[in-house]
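Student: The structure is given below, and queries will be raised subsequently.
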Amino acid sequence: MSQRILIAVAVLLAALVLGLAFFWQPEMPERPLPMAAAPAGGDFTLQSAGGPVALQDFRGKLVLVYFGYTYCPDICPTALAATAEGLKLLTPEELARVAVIFISVDPERDTPARLREYAEFFHPAIVGVTGTADELAGIARRYGVFYARQPVETAGGGYVVDHTSDTYVVGTDGKLVGKIAHAAPPEQVAAEIRKRLTKP
Amino acid sequence: MKQLSLLAAGLLFSAGVLAGAADNVAVQDPYVRLAPPNAPATGAFMVIKNNGDKDVKVLKADNPASKVTELHTHINDGGVMKMRPVPAIDIKAKGEAVLKPGSLHVMLIDLKAPMKEGDSVPITLTFDDGSSKTVEAKVVRPMPAPPMEHKQH
């Protein structure tokens, strides 16, 4: 008798497992992975303290593009310091062929005047720009940048901005050619620049 | 002999009473990252070592240079850097907590005045048993990597 019950239980369990295998399709939420697809990049025009700055102004130069914001207390300074130190490893001739654009994705708090001082603190070759929320969203989409405001009570103005922290490398012809990972050491930044400068 | 043992017991007792978490904690290489102009906040970093036999929590930090001081961490979520406050920093017995860029840090929010390189900011850490410890953190320019100066202690 007890054996029969055991068999019945076993059959039930087997049916359950099979049923699950056949019919259970867990909803795997599609995680947005803008970094996975090859982003197109492309030209843009934004505002600096010295007037409009367009990517197309820098044809013939290698351009590093970084997206961040000045209220960013840690990630942005780390990335910008690495870039700045990388620039210092270049010869003057190499440096003359490189531009760096710091794009603030927080136009509400970052005025072009604020951005100038902030960017130049790291390196005089870094130009700080921003634009309207729509403009920035469009550029971020094309470059595969993710950013989102998150409310944090005390963090200056009540929010922080989550964001990707790669530095984008735009070739001398204006095409997006690669990116430098967050917190890459200065030597790697310099090596990446040299590689792209010598390979047209 | 009896007196001696009494003395020893007394010493042990007082040591037991006075030994708060702060006495078992050593802080190495504390520094504050010089905030770029117009940046209203910056981070303080250090290595907090717990030489005691009990786990210790840092519950809060204070400093006179900013209006608000918080304990924060960064979560790297598939390349997206998310900075979030944390309620405490845990330091296991005989373990250490490394506060470094891109990770755990003491966040100095709403700086009262611009800092200068070479300034020193006293940062007071308060532990879960109510004891506290103040360390002098030097203000240094942002560096691409945490400082490598490992002083002999």
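No value in this document is a laboratory result; all are computed from the given coordinates. Keep in mind it's a predicted model, so treat the numbers as computed, not measured. Quick reminder, even Gly has a Cβ in these numbers, built from the backbone with ideal geometry, and neighbours come from all protein chains shown.
Student: Would you tell me the mean number of C-beta atoms belonging to other protein chains that fall within 10 Å of each C-beta in A:111-117, as a whole number?
Tutor: Values: counts 1, 0, 1, 4, 1, 2, 4.
The per-residue average across the peptide is 2.
Student: With unit charges on the beta carbon (Lys/Arg positive, Asp/Glu negative), name the residue among B:I48, B:G78, B:V27 whose Cα is farthest towards the positive pole of the charge dipole of region B:21-140.
Tutor: Towards the positive end, the residue furthest out is B:G78.
Student: Pull out a ≥ b ≥ c, the square roots of the eigenvalues of the alpha-carbon gyration tensor of region B:21-140, then state rounded if a/c is under 1.5, prolate if not and a/b is larger than b/c, and oblate in the remaining case. Before the final figure, lay out the partial values.
Tutor: Details: a/c = 1.92, a/b = 1.32, b/c = 1.45.
Oblate, because a/c is 1.5 or more while a/b does not exceed b/c.
Student: Here is a further query. Could you sort B:32-40, A:109-117 so that the peptide with the highest average Cβ count within 10 Å comes first and the rest follow in order?
Tutor: B:32-40, A:109-117
Student: B:D129 versus B:V68, label points 7 Å from Cα toward the beta carbon: distance in nm?
Tutor: It works out to 3.2 nm between the two label points.
Student: Residue by residue through A:175-184, how many Cβ atoms from other chains fall within 10 Å of the Cβ on average?
Tutor: 1
Student: Beta carbons within 10 angstrom, averaged per residue: use that to sort the peptides A:43-51, A:118-126, A:77-85, B:107-115, highest first.
Tutor: A:77-85, A:118-126, B:107-115, A:43-51
Student: Something else: Please give the peptides B:88-95, B:99-106, A:100-107, B:24-31 ranked by average Cβ packing (other Cβ atoms within 10 Å per residue), highest first, as a rough proxy for protection.
Tutor: A:100-107, B:99-106, B:24-31, B:88-95
Student: Work out the charge dipole of region A:159-200 with +1 on the Cβ of Lys and Arg and -1 on the Cβ of Asp and Glu about the Cα centre, then indicate which of A:T164, A:A191, A:A181 is farthest towards its positive end.
Tutor: A:A191
Student: With the Cα gyration tensor of region A:105-174 giving a ≥ b ≥ c as the square roots of its eigenvalues, does the rule (a/c under 1.5 for rounded; else a/b larger than b/c for prolate; else oblate) give rounded, prolate or oblate? Write out the running numbers ahead of the final one.
Tutor: Details: a/c = 1.90, a/b = 1.26, b/c = 1.50.
Oblate shape, in that a/c is at least 1.5 and b/c is the bigger or equal ratio.
Student: Something else: With r defined as the distance between the Cβ atoms of A:A40 and B:D110 and R0 fixed at 35 Å, what FRET efficiency is calculated, to the nearest 0.05?
Tutor: 0.35
Student: Sequence-distant or interchain residues sharing an amide H contact under 5 Å with A:D110, placed H: which?
Tutor: Sorted by chain and number, the residues that satisfy this come to none at all.
Student: Can I ask one more? Work out the mean other chain Cβ neighbour count within 10 Å for the residues of B:30-40 and drop it here as an integer.
Tutor: Counting Cβ atoms of other protein chains within 10 Å of each residue's Cβ and averaging gives 6.
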